[in-house]
1. Under a cut-off of 23 Å between alpha-carbon atoms, report the lysines in cross-link reach of residue 233, not counting same-chain residues fewer than 8 places apart.
2. Once the dipole of region 71-191 is set up with Lys and Arg at +1 and Asp and Glu at -1 on Cβ about the Cα centre, which of 170, 100, 138 lies farthest towards its positive end?
3. Let me check against my output: what whole-number percent is the relative contact order of region 83-139, with C-alpha pairs under 8 Å and at least 6 apart?
4. Would you mind calculating the gained length between residue 192 and residue 43 on full extension (0.36 nm times residue separation, minus the Cα-Cα distance), in nm to one decimal?
5. Quick check: from the Cα gyration tensor, does region 23-135 come out rounded (a/c under 1.5), prolate or oblate?
6. In percent, how large is the relative contact order of region 85-188, given Cα pairs closer than 8 Å and 6 or more residues apart?
7. How big is the charge dipole of region 46-150 about its Cα centre, in debye rounded to the nearest 20, if each Lys and Arg gets +1 on its Cβ and each Asp and Glu gets -1 on its Cβ?
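FYI, it's all coordinate maths here, none of it is from the lab. All values reported here derive from a predicted model rather than from experimental measurement. Glycine gets a Cβ as well: all are built from the backbone with ideal geometry, and neighbour counts include every protein chain shown.
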Amino acid sequence: MRMTVAMALAAATLPVPALAAEVQIGVQGPVVEMTVNEVVRSAPDTATVGAGVSTRAPTATAAMQQNAAAMDKVIARLRALGIARDDIQTASISLSPQYQYNNDNMPPRFLGYEASNQVSVILHDLDRVGGTLDALVSAGATNINGPSFSLDKDEAARATARKNAFQRAQSEAMEFARLAGFSGLRLLEVSEAFTGRGPVPYAADAVMVTAQRVAKTPVEPGQVGTGVNLTVKYEMTR
């Protein structure tokens, strides 16, 4: 939990702007502000993987044409696995000249052009992630990255994180009120920031494929975190 506390010990009326409406809230007592982060961990139900092909040819046109043919095979394999077209998205396409640099003060030697095409694929059946990666390699994918796990529907986890954050903020604010000699709180303002649903603790970098896989690639989904940041302001009351 990350907590930030700010107390304004004002004897006069202090105008406090509300987040949801352009109004001024008058206060007589001190104001305590709490910023609390809560994360709820859950089993993921969605995985995202990246797959791409890289090709090299003497000319830019040839490199792009060869790359297009290779990527067509990868996409066709994905479609044959039953993956919907809406779950396949082009992530990047690049074309760049390639040179060989020497240490003899000679100009670099031009090697040709390298074309690359990368797609992002959403998988809703986590049991098929390893097999899908293997199928991509067999279809000609030359680089793989991921998987990244997430929750497709995170409303329930987010609601739990919000509730926990609010209760913690209120409890901590009440503790400060008692320490300052006050007996109650009046809610002035609440603001929320969603902190995402990334993997906990799994992360993977791109893997260049150099050999044909024999055994099925093992994949462990682990858990993902759904987090909420709440900033809550209270007036201390007697």
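1. The reachable lysines, counting only those whose Cα sits under 23 Å from residue 233, are 163.
2. So the residue furthest toward the plus end is 170.
3. Working: 62 pairs, mean separation 20.8, N = 57.
Relative contact order of region 83-139: 37 percent.
4. Details: separation 149, 0.36 × 149 = 53.64 nm, distance 2.38 nm.
Gain in length upon complete extension: 51.3 nm.
5. Working: a/c = 3.36, a/b = 1.67, b/c = 2.01.
Here region 23-135 falls in the oblate category.
6. Working: 70 pairs, mean separation 19.2, N = 104.
It comes to 18 percent, rounded to a whole number.
7. On the way: 7 positive and 8 negative charges, 45 e Å.
Dipole magnitude for region 46-150 comes out near 220 debye.
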